[in-house]
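Step one of this worksheet: look at the structure below.
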Amino acid sequence: MMPTAVPTLIIRQQDAPDRKIFWEEPFLTIGREASNDIVISHPLTSRRHARLERDETGYFIRDLDSTNGTYLNGERIEGIAPLRNNDEVWIGDTTILFQDPEATIKGTPPILTHRPRRPHEALRVDSAAKEVYVYGRRIEPQLTAKEFQLLELLFNHRGQVISKEQIAENVWDYEVYDYNAIDALVYRLRQRIEPDPSNPRFVITVRGFGYKLVIEEEG
């Protein structure tokens, strides 16, 4: 018997507004071909790249032997992997956020206190509210969990070079063997916070060492 609640997929792509898809079918195909249910027109995406699957046991993402891989929460999958609430699937330049309506969170939500905005700050990270401000304007929609964790790490050590090993340890909580996942995460973060992602002014690459966050105060 199929679950009665319908999960939601939030599709986040470069230079496009977020899209919401209600996952009602047993299968949803993902790829570059127009015949796919979710089309990702990016050169790193295969024609038939991956497939979302659901049955009586749960929800899954399956890689269809794609050339550049399917990533779940920053880790490249082999074959099929289960999906859980707020999991992130990365394919090409696209993030697919999986939201399970049957997932529940117990407990009392914390009271969030916001610091006054300081317009002169080029970039500000509010760790309590999980919000990011660029030139005084809040980033909407909010960063994904991994994007925020990376930015928070760089922000807390701004001006210092953070190696990929340090990023793996602090953002993934385990050793990452495929550093393409880290490069992809940096790419996505730049797309969200940089005024010109092709010429980043905040997240700077220090070749051979890692990345650092540079914030110039506005007067």
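The values are calculated or read from the model by the stated rules, or taken from the named source; none is laboratory data. In this text, all values refer to a predicted model and were calculated from it rather than measured experimentally. Neighbour counts are summed over all protein chains in view; Cβ atoms, including those assigned to glycine, are modelled from backbone coordinates with ideal geometry. Quick note on the areas: whole protein, heavy atoms, side chains included, nothing else; ligands and nucleic acids left out. Shrake-Rupley method; radii C 1.70, N 1.55, O 1.52, S 1.80 Å.
What to note about this one:
- Total residues in the range 121-142 satisfying the condition of being assigned to a loop (DSSP other than H, G, I, E, B), open to solvent by less than 50 Å² (accessible area, probe 1.4 Å), touching an Asp or Glu at 6+ places or on another chain (Cβ under 9 Å) and under 21 Å from ASN86 (Cα atoms): the figure is 3.
- LEU154 vs. criteria hydrophobic (A, V, I, L, M, F, W, C), open to solvent by less than 30 Å² (accessible area, probe 1.4 Å) and either within 18 Å of VAL206 (Cβ to Cβ) or in contact with a Gly (Cβ under 6 Å, 6 or more places away or on another chain) (or both): yes
- All positions within the range 1-16 that are farther than 15 Å from PHE98 by Cβ and either modelled with pLDDT of 85 or more or among the hydroxyl-bearing types (Ser, Thr, Tyr) (or both): THR4
- Candidate set: the range 188-219, residues that are modelled with pLDDT of 90 or more, aliphatic (A, V, I, L, M) and in contact with a Gly (Cβ under 9 Å, 6 or more places away or on another chain); chosen: the one least open to solvent (accessible area, probe 1.4 Å): LEU213
- The single condition from (1) open to solvent by 20 Å² or more (accessible area, probe 1.4 Å); (2) over 27 Å from VAL186 (Cβ atoms) that PRO7 fails is (1).
- Strands (runs of 3 or more DSSP E) contained in the range 22-111 and holding at least 2 residues touching a residue at least 12 places away in the same chain (Cβ under 8 Å), touching a helix residue (DSSP H, G or I) at 6+ places or on another chain (Cβ under 8 Å) and open to solvent by less than 30 Å² (accessible area, probe 1.4 Å): 88-91
- Test for LEU185: is it under 18 Å from the mean Cα position of the chain (by Cα) and either modelled with pLDDT under 90 or open to solvent by less than 50 Å² (accessible area, probe 1.4 Å) (or both): yes
- Residue match in the range 2-14 (condition: closer than 29 Å to PRO197 by Cα and touching a helix residue (DSSP H, G or I) at 6+ places or on another chain (Cβ under 7 Å)): yes
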